[in-house]
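The next block holds one structure in the form of structure tokens; read it before the comments.
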Amino acid sequence: MRRAVSVIALVAGLAAPAWAAPKGYVLEAKGSWTSAADEAVRAAGGVVDFKHGATGLGVVRSENPGFLASAQASGAFASVTEDVLVQWQPDIRTYELDEASINPSDDTFFSNIQWAPQAVSAPAAWNAGCTGSGVRVAILDGGIYSAHSDLVANLDVASSRSFVPGFAFNEDTGTFWHGTHVAGIVAGADNTVGIVGIAPEATLIGVKVLHSGSGSFGSVISGILYASTPRAQGGAGADIINMSLGALFPKSSTGAGPLVAALNKAVNYAGSNGTLVVSAAGNSGLDLDHSGNLISVPAQSGAGIAVAATGPMAFAYGSTDFSRPASYTNYGNSAIHVSAPGGDFAYPGNENCTLTTTTGSLTRPCWVFDMVLSSSRGTGASTTTYSWAAGTSMAAPAASAVAAIIKQANPGISLGALKSALAQSADDVFKPGHDEFSGNGFVNAFRACTGQ
């Protein structure tokens, strides 16, 4: 059974960096990064933008056209690779909710519309005391609108960082802001306005590694290493890293190979610190078990896990098949750990549907209600803007939020036990056991909370 590949298929966009001078490089020292590596970079005419002692990884820029050869000749590095810019996030289907439809004093307004928390039994988990409180979730993305009414109370601004030169962690382009939507799915506050996240009391950390959906390997690697490094050592101390981003690369690519290897090393470092790295599986409708020479990263990177997307067909007409595989999701037994609500837009036709709310009703094209509703940037100075969107980008934060609930309920849990608990608490929705579309199953926040 396989549906048509979605029009939002993810395509790797390897390109020469936008910078003409200086160029960027990702370096791996022989062993840990020490002052000897600093000196070798300086002698080759480079400047270190980020370095990580434990992994030996560094991100460097240089105007010296001979930097790569000079750094390699120094003998201090196991690899020196020119960085590349990649389009990590494709254009996804979105639909903005106009502000006139929002009740500013009642977030139960969306109780009949925001189906994703209900689909994973989040309200039952909240009633059982599991809200993600005390758990730190880093959102590695394009930027979080830090003034948003549903995010401001949960956002650790002091720990938030940008690894995109020239931009703060709370800057991006357009009116949607992918990172803001993702953050709301994880931990939109239960504050009587707007939407509610699946782990509404988790702490959010904004780590900007992309701008308008694109970014360098160096930025993503830096963000992972920073987020997963303990706060006592200058990092963000994240328990969970959410990466709603990804791209496909040929496994045999000589240019991307060392960068993919460095990304693996960063994800594995996070795992060694007990940080769970959760990544979107990708939106290409690709069977990752039979993808030939292609690899999806970071979905298939290191010790992290990949999340496939699900979504109902015709929710506005009463469909509650929330665990239905989304039309665009990547899949594969070898890659998918769990599935989670990502929404869909495959409903045919463009007729309007009307759903009741606590303040009246809301009329939109029927397919819109099948997508995931969350926070967005909007225009002007508004702090109460929301949009629907669909993609594995929306599924990953739902799984991250359920992982945060497990972590809250089991504070000392190991990484391996956390992965197992996420899998074992999921609903076995297709054939018994592990399957290609849902992995270990469809996430369940209540079972994750209670262990039932």
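The values are calculated or read from the model by the stated rules, or taken from the named source; none is laboratory data. Just so we're clear, the structure is a prediction, and the values are computed from it rather than from any experiment. Neighbour counts are summed over all protein chains in view; Cβ atoms, including those assigned to glycine, are modelled from backbone coordinates with ideal geometry.
Structure values in brief
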| item | result |
| --- | --- |
| Test result for residue 425, touching a Ser or Thr at 6+ places or on another chain (Cβ under 6 Å), in the same structural domain as residue 125 (by TED's automatic domain parsing), under 20 Å from residue 187 (Cβ atoms) and buried (at least 23 other Cβ atoms within 10 Å of the Cβ) | no |
| Hits in the stretch 151-197 - residues which are of a type in the set (Val, Ile, Thr) and not in a helix (DSSP H, G or I) | 152, 157, 164, 173, 175, 192, 193, 195, 196 |
| Residues within the stretch 378-396 that are aliphatic (A, V, I, L, M), part of a loop (DSSP other than H, G, I, E, B) and either touching a helix residue (DSSP H, G or I) at 6+ places or on another chain (Cβ under 6 Å) or modelled with pLDDT under 95 (or both), tallied | 1 |
| Any chance residue 19 is surrounded by 13 or more Cβ atoms within 10 Å (Cβ to Cβ), of a type in the set (Phe, Trp, Tyr), part of a loop (DSSP other than H, G, I, E, B) and at pLDDT 95 or above | no |
| Exclusive hit being surrounded by fewer than 24 Cβ atoms within 10 Å (Cβ to Cβ), closer than 21 Å to residue 435 by Cβ and either within 29 Å of the chain's Cα centre (by Cα) or of a type outside the set (A, V, I, L, M) (or both), set 324, 364 | 324 |
| Single condition residue 296 does not satisfy, out of (1) of a type outside the set (Asp, Glu); (2) touching a residue at least 24 places away in the same chain (Cβ under 8 Å); (3) closer than 16 Å to residue 426 by Cβ | (3) |
| Among (1) surrounded by fewer than 19 Cβ atoms within 10 Å (Cβ to Cβ); (2) closer than 27 Å to residue 78 by Cα, the one test that residue 266 misses | (1) |
| Test set (1) in contact (Cβ under 8 Å) with a residue 12 or more places away in the chain; (2) in the same structural domain as residue 284 (by TED's automatic domain parsing) - residue 47 fails condition number | (2) |
| Number of the condition not met by residue 122 [criteria: (1) in contact with a Phe, Trp or Tyr (Cβ under 8 Å, 6 or more places away or on another chain); (2) within 21 Å of residue 238 (Cα to Cα)] | (2) |
| Any hit, the stretch 207-215, residues being buried (at least 24 other Cβ atoms within 10 Å of the Cβ), closer than 30 Å to residue 120 by Cα, small (Gly, Ala, Ser) and modelled with pLDDT of 95 or more | no |
| Set 417, 381, 389, 403: member being buried (at least 24 other Cβ atoms within 10 Å of the Cβ) and over 13 Å from residue 447 (Cα atoms) | 389 |
| Index of the failed condition, residue 75 passing every other in (1) of a type outside the set (A, V, I, L, M, F, W, C); (2) out of contact with any strand residue (DSSP E or B) (no Cβ under 8 Å at 6 or more places or on another chain); (3) in the same structural domain as residue 180 (by TED's automatic domain parsing) | (3) |
| Qualifying residue in the stretch 22-40 (condition: under 29 Å from residue 391 (Cα atoms), at pLDDT below 95 and in contact with a helix residue (DSSP H, G or I) (Cβ under 9 Å, 6 or more places away or on another chain)) | no |
| Matching strands (runs of 3 or more DSSP E) fully within the stretch 62-142 where at least 3 residues are surrounded by 22 or more Cβ atoms within 10 Å (Cβ to Cβ), among the hydrophobic types (A, V, I, L, M, F, W, C) and touching a helix residue (DSSP H, G or I) at 6+ places or on another chain (Cβ under 7 Å) | 136-141 |
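For every residue, the table says whether it meets (1) under 25 Å from residue 27 (Cα atoms); (2) assigned to a strand (DSSP E or B); (3) in contact with a Leu (Cβ under 7 Å, 6 or more places away or on another chain).
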site	(1), (2), (3)
253	yes, no, no
260	yes, no, no
265	yes, no, yes
268	yes, no, no
274	yes, no, yes
279	yes, yes, no
282	no, no, yes
285	no, no, no
296	yes, yes, yes
